[in-house]
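The values are calculated or read from the model by the stated rules, or taken from the named source; none is laboratory data. The structure presented is a predicted model; accordingly, all values stated were derived computationally and were not measured. For neighbour counting, all protein chains shown are included, and Cβ atoms are generated from backbone atoms with ideal geometry for every residue, glycine included.
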Amino acid sequence: MSTPAFPNLANCQECGRSIPSGDTVCSDCRARIRREQLLPPETTRAASPNSGKSNWAKRLGPLAPLAILLAKAKGLLTILFKLKFLLSFASFIGLYWALYGPKFGIGFAFLILIHELGHFIDVKRRGLPAEMPVFLPGFGAYVRWQAMGVSLETRAAVSLAGPLAGLLAAMGCLAIWTQTNDPVWAALARASAWLNVLNLIPVWVLDGGSAANALSREQRIILLVAALMLAAFLGQGVFYLVAAGAAYRLFTKDLPPQPSWKILVYFVIVLALLGLVGWMIPGQGLAN
């Protein structure tokens, strides 16, 4: 590649003679030519803004690592959240492994994971921000998500998505047990069904409590009757706890402005299918 040449780049500061390109000494007065005199005027003028930028770059130089860190903060936070999920889940597995042995302990931990992923996936599919599940060994797990501005019906649906995922996991364990006759799979199916029914008690911060926020007083009466019928026909005492929670919610002052029949149907179907899984496993069912 070639660059254009400048035949007369500057004049001698001593005698005023034109200096040909490349000369460093004036041919008349023998004065030495400074380097900046060999540059064309346009080049000299254009250099000044760059020099200013260079000065600012030097001044901000110590802050460069901070700027890079801020630029990558999102990626670092993502890594930290993933580590929190992985480490808490590993400790969760470790606790139940120690309590119940490797097969049931690992299986039980994954059943809880599937439940929490039900919430997480339902939130993400609605285009809402959510964090990966965090596990609290000995207590449970939770998914943090942004519910500001979200309707009560949507919040209720997200709450029921966890028990729905738990139901699917219990049905999977039940199917494996029918093929293998391995009692561990029967125990896992029963545990998943039992825990998810407990989580549907419509009180406090349980999933059932959040779901009941979208139900009117009449709908809560229907939920109460459904729980009593399931307890009677399936012989599973845990449904009396659901009925008790529904009875309590008849007297609370948190009735929604727009009740949702869809949430009531969703609630009762998941509750009934969980009870059916427990009923299909010989032994004590969910609870007596």
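List of remarks:
- Going through (1) more than 33 Å from the chain's Cα centre (by Cα); (2) farther than 25 Å from L188 by Cβ; (3) in a helix (DSSP H, G or I) one by one, L223 falls short only on (1).
- When residues in region 135-164 are screened for being within 22 Å of F108 (Cβ to Cβ), surrounded by fewer than 15 Cβ atoms within 10 Å (Cβ to Cβ), among the hydrophobic types (A, V, I, L, M, F, W, C) and out of contact with any strand residue (DSSP E or B) (no Cβ under 8 Å at 6 or more places or on another chain), 1 of them pass.
- Residue in region 256-271 that is within 26 Å of A175 (Cβ to Cβ), part of a helix (DSSP H, G or I), of a type outside the set (F, W, Y) and modelled with pLDDT under 95 present: no
- Matching residues, region 219-273, being crowded, with 16+ Cβ neighbours inside 10 Å and in contact (Cβ under 8 Å) with a residue 60 or more places away in the chain: P256, S260, I263, Y266, F267, V270, L271, L273
- Restricting Y266, Y248 to residues that are of a type in the set (F, W, Y) and more than 18 Å from A157 (Cα to Cα) narrows the list to Y248.
- Qualifying residue in region 182-201 (condition: touching a residue at least 24 places away in the same chain (Cβ under 8 Å) and outside any helix (DSSP H, G or I)): yes
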